[in-house]
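The values are calculated or read from the model by the stated rules, or taken from the named source; none is laboratory data. Note that this is a predicted model, so its numbers are computed, not measured. Here Cβ is always computed from backbone atoms with ideal geometry, including for glycine, and neighbour counts include all displayed protein chains. Areas reflect the complete protein model, heavy atoms only, side chains present, ligands, DNA and RNA absent. Shrake-Rupley method; radii C 1.70, N 1.55, O 1.52, S 1.80 Å.
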Amino acid sequence: MPDTITITDNRTGKKYEIPVHDGMISATDLRQIKTSEEDFGLGSYDPGFMNTAACTSRVTYIDGDKGILRYRGYPIEELAEKSTYLETAYLVLYGELPTKAQLDDWTYNITHHSILHENIKKFIDGFHHDAHPMSILISTVAALSTFYSEAKNIFDPESRQKQTYRLVAKMPTIAAFAYRHSIGMPFAYPDNDLSYTGNFLNMLFKMTELKYQPHPVLERALDVLFILHADHEQNISTNVMRGIGSAHSDPYCSVAGAAAALYGPLHGGANEQVLRMLNEIGHKDKVPGFIQKVKAGEGRLMGFGHRVYKNYDPRAKIIKKVAYEVFDVKGRNPLLEIALELEKIALEDEYFVKRKLYPNVDFYSGLIYQSMGLPIDMFPVLFAIARTIGWIAHWQEMLLDPEQKNKIARPRQIYKGAQKRPYVPLSQRK
Ligand code: ACO
């Protein structure tokens, strides 16, 4: 059987045979379906990209119905158990697990690009004391493009490589500086003896001690969380990264845009909202009343539901386990009781069952971050650090893809506004 579909245009009676590739038709193949020579041709309308593939990708595979997530073919469960964040980041970017020499080189380069230009401290100082750290991160990463003007040479592989090292290395430093600024603490500089997440904890929490020693359980927990957040195929922030990148903007400005999308409460900002929601509920006994309100359309159950997963988010399962490891060190988070009760009731309730709403990655991650001593404001920032490698991998894939290269991401619209009309002078307007 040929891989085609036949479309009959009932407006004209004409038939068209359209090829099917990978279960998709090409939207531009619809353009030949016209009612007249002047007709622009048939298009497809898909607000929110509910059923439209915007690219071909080889980075991440998700089967939302089965709850499967794989980076470059490797199951997320195995990576979370056996890999480290930097090794996974290498895999996400280059497509293969590194050899020992490749990993050493990658780790060396990330470690040796973590210091920020001293001028950056000056403008971080200029932010208001209660500025949201995500806004500081977004602005500061965009400002990096003023320090590395060669970053605009996006088709130079050496330049791309350099900016990749810088972005992956400097995001934790910017994030930690934003946090220290918000609590009025002096900035703590990177320590090259520590791991990626160990050093991040150092920059966040170092006080007067000469050498900061991260707790190994917390360091590993953060590493696992970063692995789980490294990529998630065509989510909104990655889509924004590809969109801005398609205009050939430099990677710092593109990452700033992607991070801005991540900040939204329907995306990476959800982990922050989950904690606010749990605080608002306040007690386990108030959970049924809260669920009733959600069902009545008064707000959403944050940390539940996903555009792609119509099953338990595989990342949420791993995170739940990590949460207990962190609680063993830091004590049980009092909000856990409320979260568990919410999950239990929601998973049994017909409203949530019918709509296939399950806990997503954000439902438990906030509880872990809070137990580690991080303020709620920092949660989306942590997500942004981990996701930076995913954004870069997709940006590079888009730039090098012959089907995408030089094709600016520009959707069409259905225009339903006013038709042509003459300008009305001010004195004649009603
Ligand atoms: N609580 C209550 N009802 C919900 C929720 C929720 N969290 N999520 C979806 N629904 C309901 C909707 O009201 C809708 O019901 P209806 O059919 O009666 O109108 C139905 O489920 C389908 O919802 P949509 O919004 O169409 O689903 P979509 O796939 O577009 O949304 C989204 C996915 C945005 C993640 C949504 O589930 C949501 O808002 N969740 C809460 C925010 C959140 O946790 N975001 C993090 C996602 S993970 C990430 O980005 C890292």
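Assorted remarks:
- Among the residues of the range 115-137, those that are open to solvent by less than 30 Å² (accessible area, probe 1.4 Å) and in a helix (DSSP H, G or I) comprise 120, 124, 133, 134, 136, 137.
- Count of the range 379-416 residues which are surrounded by 21 or more Cβ atoms within 10 Å (Cβ to Cβ) and away from the ligand (no atom under 16 Å from the Cβ): 4
- Test for residue 356: is it within 16 Å of residue 228 (Cβ to Cβ), basic (Lys, Arg) and more than 20 Å from the chain's Cα centre (by Cα): no
- Scanning the range 383-430 for residues that are over 30 Å from residue 87 (Cβ atoms), of a type in the set (Gly, Ala, Ser) and assigned to a helix (DSSP H, G or I) yields a single hit, 427.
- The residues listed here are 308, 294; of these, the one that is open to solvent by 40 Å² or more (accessible area, probe 1.4 Å) and of a type in the set (Val, Ile, Thr) is 308.
- Among the residues of the range 354-378, the one identified as more than 20 Å from residue 327 (Cα to Cα), within 11 Å of the ligand (Cβ to nearest atom) and in a helix (DSSP H, G or I) is 354.
- Of all residues making up the range 406-430, the number that are farther than 19 Å from residue 40 by Cα and touching a residue at least 12 places away in the same chain (Cβ under 8 Å): 3
So that you can scan it fast, the table gives a plain yes or no per residue for (1) free of Cβ contacts under 8 Å to residues at least 12 places away in the same chain; (2) in contact with a Pro (Cβ under 8 Å, 6 or more places away or on another chain); (3) of a type in the set (D, E, K, R); (4) within 19 Å of residue 139 (Cα to Cα):
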site	(1), (2), (3), (4)
157	yes, no, no, no
166	no, no, yes, yes
177	no, no, no, yes
180	no, yes, yes, yes
198	no, yes, no, no
205	no, no, no, no
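- Flag not set for residue 363, criterion: surrounded by fewer than 22 Cβ atoms within 10 Å (Cβ to Cβ) and either out of contact with any Lys or Arg (no Cβ under 9 Å at 6 or more places or on another chain) or closer than 27 Å to residue 289 by Cβ (or both).
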